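The values are calculated or read from the model by the stated rules, or taken from the named source; none is laboratory data. None of the values given here were measured: they were computed from a predicted structure. Cβ sites come from the backbone with ideal geometry, for glycine too, and all protein chains shown count toward neighbours. Calculation scope for accessible area: heavy atoms of the full protein, side chains included, ligands and nucleic acids excluded. Shrake-Rupley method; radii C 1.70, N 1.55, O 1.52, S 1.80 Å.
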Amino acid sequence: NVDYKADQEFQVSPTMTNAEVNDVLKVSDRVVFLAGGTYQGNLNFAGSRITLFGEGLLGGRVILDGNITVTGSDSRIRGAEITGTLTIPASKVGLSFSRVNGAMTSEGSDGMVLASALCGTEAISGSGTIVVGNMGAAPMTSCP
């Protein structure tokens, strides 16, 4: 059994306003499914234990066209392309099967960055963070 530590599921689409998407992301304990397309504007994962699922490997179908900030702990981003910066001050945040075109900064502890493309600069300073199999980060410094 997989436990996403959430009791609410939401489907969002690119036709929603940036404010509507941020409203979904500010409440804790949610699994959020993003329909394919481009989402304009900056997003803030203000709630804790939010799991975001985009469509497609490395975010090929979901584009988050803006800066992303994850302030809620124990959250996840999977299968999204981020055109701007990704800032993670929270702890226990995971990024997998995604692409970050801008800079990435992770300061929280016990995070996980797995099988993603980090195409800008990255600064990972949180203790206990695991970084495995990412393109653009040493030792695989090329970014597709």
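What is the log10 of I(q)/I(0) for the stretch 21-89, computed with the Debye formula using one identical point scatterer on each Cα and no solvent, at q = 0.16, 0.17, 0.25 Å⁻¹? Each listed q maps to, in turn, -0.45, -0.51, -1.15. The Cβ shell under 15 Å around GLY133 holds other residues with a net charge of +1, Lys and Arg each +1, Asp and Glu each -1.
Taking only protein heavy atoms and a 1.4 Å probe, the accessible area of the chain is 52% carbon and sulfur.
Its Kirkwood hydrodynamic radius, worked out from the mean inverse distance over all distinct Cα pairs, puts the chain at 14.6 Å.
Here MET112 and SER13 are evaluated by their C-beta separation; at R0 = 35 Å the FRET efficiency comes out at 0.80. Calculated mean residue ellipticity at 222 nm for the chain: -1500 deg cm²/dmol, from DSSP H runs with n ≥ 4 weighted as -39500 (n - 2.57), summed, divided by the residue count and rounded to 500. With a cut-off of 16 Å on the backbone N, the residues of the stretch 87-121 near the modelled label site 7 Å out from ASN22 along Cα-Cβ are 87.
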